[in-house]
1. Could you please state how large a percent of the accessible area of segment 735-885 is carbon and sulfur, counting protein chains only and using a 1.4 Å probe?
2. Starting from the residue with the highest accessible area, list Lys770, Lys860 in decreasing order, probe 1.4 Å.
3. Would you mind working out the magnitude of the charge dipole of the chain relative to its Cα centre, with +1 at each Lys and Arg C-beta and -1 at each Asp and Glu C-beta, to the nearest 20 Debye?
4. If you build the Cα gyration tensor of segment 563-672 and take the root of 5 times each eigenvalue, what three semi-axes come out, in whole angstrom, biggest first?
5. Work from the charge dipole of segment 217-339 (Cβ charges, +1 for Lys and Arg, -1 for Asp and Glu, about the Cα centre) and give the residue of Ser305, Thr322, Ser263 farthest towards its positive end.
6. Obtain the radius of gyration and the Kirkwood radius of the chain from its C-alpha atoms and give Rg over Rh.
7. Note down the magnitude of the dipole of segment 746-885 about its Cα centre, charges +1 on Lys and Arg C-beta and -1 on Asp and Glu C-beta and zero elsewhere, to the nearest 20 debye.
8. May I ask you to derive the FRET efficiency for Glu400 and Gln871 from their Cβ-Cβ distance with R0 = 41 Å, giving the value to the nearest 0.05?
Amino acid sequence: MPVWLVLLCALTIAAPTAAAQTVPGTDGVQLLLTRLEELLRTGDSDGFAPLTDNNTPPEQIEQFTADLFRPDVVRAIVNERERSPLDGAAPGTGYRLVVEMFVESAGRARILTTLLDVRRPVGSDSSAWRITGAQGVTSVEGLYRLRLNSSMRLAARNVTITAVDLLLTLEEGHVYLVESDAGVAGLVLFGRGVMRFTPGPASEQGQLRIFAGDSSLDTQFDAAFIRLHPSQYEQRVTTDRLTPAPPDPRQLRRAQELFERDSPKSFSLDLSGLSDEPWYLLPQPEDFLAEVRTRRYGELTYLRSLSQAEDVTLFERERQRTIALYPSPQRIAALSAIDNDDERRDYDMLDYSIDATVLPLLRNIDGRVRLRLRVQTASISSVMLRLADDLVVTSVTSPEYGRLLHLRIRGQNSVIVSLPVEVSQDSEISLVVSYRGPVTAQEIEDETLQTGEVSVGSDPLMNFEPNLLLSNRSFWYPQNPNADFATATIRITVPDGYSAVASGEPRRETDVTLRDLITLPNGRAFVFTAREPLRYLAFVVSRFVRVAESTIDVTDPKEPGGLRPMRLTIEANPRQQNAGRDLLGDFEAIMRFYAQTLGEAPFRSATVAVVEHELPGGHSPGFFAVLNSPPPGGRLTWRDDPAAFAGFPEYFLSHELAHQWWGQAVGWRNYHEQWLSEGFAQYFAALYARQAHGERVFRDMLRQFNRWAIAESDEGPVSLGYRLGHIRSQPRVFRAVVYNKGAAVLHMLRRLVGDEAFFAALRQFYVEQKFQKANTEALRRTFESVSGRALGQFFDQWIQGTDLPRIKYRRTIEPGSVTVRFEQTTEQLFDLPVTISITQTDGRVREETVILTERITEWKTETRGTARQVQINRDYAAIARFDAD
C-alpha cells in the first residue's frame with residue numbers, strides 16, 4: 001500500500017550502513033539482490049521468476065512482479081537493511097531480509113520496502129540462493145522531479161489564482177510554469193500583483209487586524225512561488241489570461257533563482273545515498289502553497305493542508321510568526337463526524353523507555369528510546385515521529401521487523417519510519433530509535449515575568465549557574481506528533497558534579513545497578529519511572545544540591561484511612577540552597593491543599609528544582625517543577641506584569657504545583673484549550689492565596705485578574721491560547737488573557753453555580769478527564785450536569801469571544817431597603833454574576849450576588865435602617881465595565 005506523504009518540509013532518507021548491506025560469508029545473498037537490481041533497472045519482469053524457488057506460489061510471484069516492475073526505469077538501487085535467520089533453516093542456508101529499493105524513471109521515483117525470505121540447499125554454492133517468499137510491499141509513492149519550463153514565458157494580465165480565503169491577482173506581469181511528469185505542479189510569478197486574504201473566523205480577523213490594521217489583508221506583491229496539484233491548475237488559475245511572450249534571459253535567470261530558493265522549502269526530499277537529484281512530492285488535490293513576496297510585509301507564506309485539523313495558515317517564515325491558523329468549512333465538516341480526538345491518530349503511544357547521556361555544557365544528547373505503540377487506524381505502513389531537526393537518527397530497529405528505513409524530515413522536527421508490511425488495527429509494535437546531536441535548552445518565556453524597571457547600583461555581570469531544561473517544546477526524544485499519554489522509564493546519565501530531575505518517580509540513590517558500576521566511572525545515572533501515564537516527558541540537568549526531603553500524607557479515598565504518603569524533594573543550585581530550604585513548608589501545605597480540594601494527588605512524588613535566573617518564573621512537567629529564583633539584589637524588577645503579585649510570595653510555587661493536576665494529570669486537547677491548564681493553575685494559586693493569607697490577598701489577585709482581562713481582551717479570545725501576543729512578541733498578553741482572564745472566568749462560573757456545585761463539578765471533571773486530553777466542551781457538560789444550569793452561552797461568550805459587558809447601574813438607598821437597577825448596554829447580553837456590597841448602619845458589610853442575564857435587572861433587598869453605602873463589584877469578581885447612572 002503506498003505511503004502518501006504530504007509535507008511542508010524537506011526530507012532526508014538515511015542511507016543504509018555497509019554492515020547492513022553485506023554479511024561476511026553470505027555473498028550469495030548479495031549476488032541475488034544484485035541480480036534483482038539489474039532486473040528492475042532493465043524492466044525485465046520475466047527474469048524475476050527464475051530468482052524464486054520452485055515451491056514459491058505462482059500467484060505470489062505474479063503479485064510481487066506487478067508491485068515491483070514499472071516501464072521506463074532508468075536507475076534502481078536495492079539495499080539490504082537487515083537480515084535474520086529463517087525459522088526452520090539450517091545455519092547459513094536461510095534468511096529473512098528487510099530490503100529497500102529505490103526505482104527511478106525519467107521524471108519520477110518511488111521507494112519500496114519488503115520482507116524477503118531467501119534459501120539455498122545445504123551444501124550448494126552461492127549461486128543457489130533463491131527467493132522463497134515475500135511478505136508484502138510497502139512503498140513511498142509519488143516522488144517527482146520538478147523543472148522550470150524555461151522555453152515558455154507567459155504574459156499575464158489580471159490573472160487570478162484562488163485558494164480558500166485567498167485571491168492572488170497578477171494585474172500585469174509574467175509567469176513561468178513549474179512542471180512535473182504529472183502536469184503543471186507550480187508557477188513562478190513576476191510583476192504587479194495584489195494579494196487578498198480574507199479569513200472567515202472572527203478571532204482570525206482580530207489577529208489580522210493586529211498584524212495589518214484591518215480584518216482582511218490587501219497588499220501588493222511583485223513575485224510569488226506557487227505549488228499545487230496538477231489536477232487543480234486549470235481550476236485555480238485563469239489560464240485563458242495567459243499568453244505566450246518573447247523570451248527574456250534576465251527574467252528567466254530571476255525565475256530560476258526564485259525556483260531554486262523556494263522550491264526546497266516545501267514538499268522537497270533529499271534522498272542522500274540514493275539520488276543526487278532533488279525530488280519532490282505533489283501536494284494533495286485540495287492542498288495549496290503560495291510564497292508571496294509582498295512590498296509591505298516582506299515574504300508571507302499561505303498554506304492549505306487538508307491533512308491538518310486547522311488546514312488554513314498564513315505565516316512569516318523568517319520571523320516564525322503565525323498570523324492566521326484555522327479550519328476551513330470543509331475541514332470543520334469532516335472533523336464534526338469524529339467524536340473523539342484519538343480517532344484522528346494513526347497510533348496510540350503506550351510506553352517510552354529512554355536511555356540518554358547528556359553533556360550539559362556542550363548542550364549535547366546521545367539517546368536510545370524504545371517505543372511501544374498500538375495501531376489506532378485500520379492499518380499503517382509507516383510511523384511518523386516527532387524529533388528535533390538538529391538530532392541525527394543513527395538507526396531505527398524493531399524486534400518484529402529488524403532494521404527499518406527512516407526518512408528524516410527537515411523543517412518539521414519529524415521522522416517517518418517505513419514498515420516492511422502493513423500493520424493492522426489494534427496490533428502492538430515496538431521501535432528502538434538511536435539518535436544524537438545538539439539540543440537547545442527550553443526557555444520558560446511564557447511563564448517568566450517581563451521586566452519593568454532596572455534597579456540602580458546592582459551588578460549587571462552576575463553569572464548564573466547554568467541549567468539544561470528539555471521539555472515539551474524541545475522534541476528531545478522521538479514521540480507521537482499527536483501528543484498522548486504514555487507511561488515511561490527515563491535513565492539520564494550526566495557528568496560528575498551534575499544531577500538530573502525528570503518526569504517520573506526517582507529511583508533512590510541506594511538502588512545502584514551492576515550496569516551503573518561498569519559504565520559510569522566518570523558520571524552518574526538518574527532513573528525515573530512514571531507508572532502513571534504522562535502527556536510529555538522532560539528533564540532538567542544542573543549542579544543541584546538536595547536541600548530538603550519530606551513525606552506527607554495526602555487525601556486519597558482509595559487508600560485505607562483515606563490518606564497515602566507522598567514523597568517531596570527539593571533540589572537547588574548551590575547559591576540557592578537557603579531559598580530551596582525555605583520552600584519546604586509551603587511545598588507541603590500547597591500539595592495537601594490541592595489534594596484535599598480535588599480528592600487526591602495524581603502522582604506519588606514531586607520534586608521542586610530551584611535554579612538561578614534573573615527573573616522569577618517556572619515550568620511544571622509531570623512529577624516536578626522548575627522554579628526560577630532571582631538573586632538577592634538583582635538588577636531587574638517586574639512590577640507591571642499580569643503574573644506579578646506583590647502580596648503573595650508563594651505565587652510561582654503554587655501556580656506551578658497546580659499544573660500537576662491541571663496540565664499534567666488533566667491534559668488539554670490543543671492550544672485552544674490551553675486555559676484548562678494555565679487558567680486553572682492560576683485560579684488554584686488564588687485559592688491557595690486565600691487559604692494561606694486570607695480574603696484581602698485573594699481579592700487583590702481578583703483585582704489584578706480583572707484589570708488585565710479588561711485591558712487585553714481585545715487582543716483575542718481565551719481560546720486563542722499561545723497565539724495571544726504572538727504577532728507582536730508580547731507574552732504578557734498571553735498571561736493576561738489565558739492566565740488571568742481564564743482564572744476570572746472560573747471565579748465567575750463559581751459564583752454563577754454556587755460553591756457546592758462548583759467544587760463538586762471540578763472534582764468530577766478531574767476524575768473523568770484524568771490522564772486524558774480535555775476540552776472546554778467536556779468542562780461545560782460536567783458543570784451543566786452537576787449544576788443543572790445551561791452554560792453554553794457562558795462559555796461561548798467568555799472563552800470564545802472578546803467582547804466584554806458594559807453595565808449601567810443606579811442605586812436607590814431608602815430607610816429599610818436598597819434597590820439597584822442594572823442595564824446591559826452592549827448589544828450582546830451576558831450571563832454575569834455581580835457582587836453588591838452593602839455597608840450597614842453598624843459598619844458591617846453584607847454582600848449579595850445578583851445574576852444578570854437580561855437587558856434590565858432590578859434587585860431589591862431589605863436593610864436594618866438606612867444603608868451607609870452600596871458598592872458594585874467591589875470584589876472585582878465580574879469582568880465588566882460599570883458606569884453609575
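1. 39
2. Of Lys770, Lys860, the descending order of accessible area is Lys860, Lys770.
3. Charge dipole, the chain, about its Cα centre: 1480 debye, nearest 20.
4. Sorted largest first and rounded, they come to 24, 18, 13 Å.
5. With unit charges placed on the Cβ atoms, the residue in question is Thr322.
6. Ratio of gyration radius to Kirkwood radius for the chain: 1.02.
7. The calculated dipole for segment 746-885 is roughly 280 debye.
8. That gives a FRET efficiency of 0.05.
The values are calculated or read from the model by the stated rules, or taken from the named source; none is laboratory data. Predicted, not measured: the structure shown is a model, and the values here were computed from it. Neighbour counts are summed over all protein chains in view; Cβ atoms, including those assigned to glycine, are modelled from backbone coordinates with ideal geometry. Please note that ligands, DNA and RNA were not included when accessible areas were found on the heavy atoms of the full protein model with its side chains. Shrake-Rupley method; radii C 1.70, N 1.55, O 1.52, S 1.80 Å.
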